[in-house]
1. Which one of these is surrounded by fewer than 15 Cβ atoms within 10 Å (Cβ to Cβ), part of a helix (DSSP H, G or I) and more than 16 Å from the ligand (Cβ to nearest atom): 141, 99, 116?
2. Scan (1) among the β-branched types (Val, Ile, Thr); (2) farther than 29 Å from residue 277 by Cα; (3) touching a Gly at 6+ places or on another chain (Cβ under 7 Å) for the single condition residue 217 breaks and write down its number.
3. In this structure, does residue 126 turn out to be buried (at least 20 other Cβ atoms within 10 Å of the Cβ) and in a helix (DSSP H, G or I)?
4. If you take the residues of the range 43-89 that are among the basic types (Lys, Arg) and away from the ligand (no atom under 14 Å from the Cβ), which of them is farthest from the chain's Cα centre (by Cα)?
5. Is there any pair with a first residue in the range 261-273 that is under 22 Å from residue 226 (Cα atoms) and a second that is assigned to a loop (DSSP other than H, G, I, E, B) whose Cβ atoms are under 7 Å apart and which are 6 or more apart or on different chains, and what are they?
6. Is it the case that the range 193-208 has a residue that's closer than 22 Å to residue 269 by Cβ and in a helix (DSSP H, G or I)?
7. Would you point out which residue out of 171, 198 is surrounded by 17 or more Cβ atoms within 10 Å (Cβ to Cβ) and at pLDDT below 95?
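The values are calculated or read from the model by the stated rules, or taken from the named source; none is laboratory data. Given the structure is predicted, the values throughout are model-derived calculations rather than measurements. Backbone-built Cβ (ideal geometry, glycine too); neighbour counts: all protein chains shown.
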Amino acid sequence: MRIGIPRAFYYHSYPKLWEYFFQRLGHDPVVSSPSTQKTLETASAHTETENCLPQKLFDGHVISLIGRVDAIFVPRIISIVKKHNCCPRFGALYDATRAVIARDVPLISIEINETAQPLTKILYRLARATLGADRQTAKLAVKESFSVMENHHRAQADQQEKQPGQRKFLLLGHPYTLRDLFIADPIIKKLKQLNVPLELMTFGNYNIKPSGILWCVFNMMQHKLQNLDPRDYAGVIHISTFNCGADSMMAERFRRLCKQKNIPYMMLMMDEHTGKATVDTRLEVFVDSLSWQRTDVAI
Ligand code: SF4
């Protein structure tokens with residue numbers, strides 16, 4: 001079976017896991033192409049105008065797979081970290097996709113809720129009950145796909161620029177904003193052009209301590225910021241996307257955390273109309289203002 005995987009949302013939260021899992025079970029995974037302006041244009045006729053930008057991109061990816069595959073994989077995601085919750089959009093993902101984007105398209109789904117049951121068990125059941133794998137193959141597919149994902153997380157962390165003596169800028173955001181070419185690439189390219197050492201926040205350690213924040217990814221961001229050493233970081237750039245209510249609630253908290261550590265923080269809001277010139281100007285001003293502020297430190 002050709003199984004479509006939209007290159008959005010859970011694709012980036014569980015890098016490489018889905019492709020490997022379906023392939024190991026003898027299926028042919030088809031991942032949609034990286035996001036472009038066209039992905040948004042494709043979505044625009046169908047997606048709700050009030051959706052956040054990543055949701056619109058997700059819808060565009062689903063549409064791009066329709067007709068090319070036998071079924072599309074769209075889980076409901078309640079929690080990717082035990083005792084924490086995801087944004088409600090993730091819980092409604094399957095139903096919203098079915099109702100709005102893919103009415104007559106076969107969808108393969110599971111409910112990911114780490115608080116109730118580990119994903120390994122859910123995937124095993126998917127392999128056995130829905131995809132007809134025998135016990136041994138299902139067990140190996142789950143085990144190996146997790147190991148492939150963990151290796152990928154490690155590789156992403158190792159790829160971070162290491163320039164001893166230079167303070168870095170941290171790019172903060174959700175996995176599906178930081179790893180999405182349409183959203184993050186203009187920012188990354190501009191910062192590289194400005195010769196700024198950069199670190200993209202990486203995910204993978206889901207065993208972090210609980211805090212007052214019950215949203216999975218926001219708790220990870222909070223931990224990351226709490227552990228930043230001002231001697232290593234020149235600034236934090238938080239990539240937010242238009243119409244994300246959760247980001248707007250958390251931004252002030254993140255700003256305060258950075259202020260306590262004396263690390264400059266900037267939130268960069270991306271929407272479908274954000275032009276390259278706007279992004280470039282804001283980044284230039286931010287980076288310039290920091291170099292004036294700390295003439296003793298190369299950034
Ligand atoms: S957290 Fe924000 S960006 Fe992510 S799905 Fe929810 S509303 Fe959209």
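1. After applying the criteria, what remains is 99.
2. Only one criterion in (1) among the β-branched types (Val, Ile, Thr); (2) farther than 29 Å from residue 277 by Cα; (3) touching a Gly at 6+ places or on another chain (Cβ under 7 Å) is unmet by residue 217, namely (3).
3. Considered against the rule, which asks whether it is buried (at least 20 other Cβ atoms within 10 Å of the Cβ) and in a helix (DSSP H, G or I), residue 126 comes out as yes.
4. Among them, the one singled out is 68.
5. 261/228; 261/230; 262/230; 263/228; 263/230
6. yes
7. 198
Here's the yes/no breakdown for (1) farther than 25 Å from residue 247 by Cβ; (2) of a type in the set (S, T, N, Q):
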residue	(1), (2)
21	yes, no
27	yes, no
36	no, yes
48	no, no
67	yes, no
81	no, no
85	no, yes
94	no, no
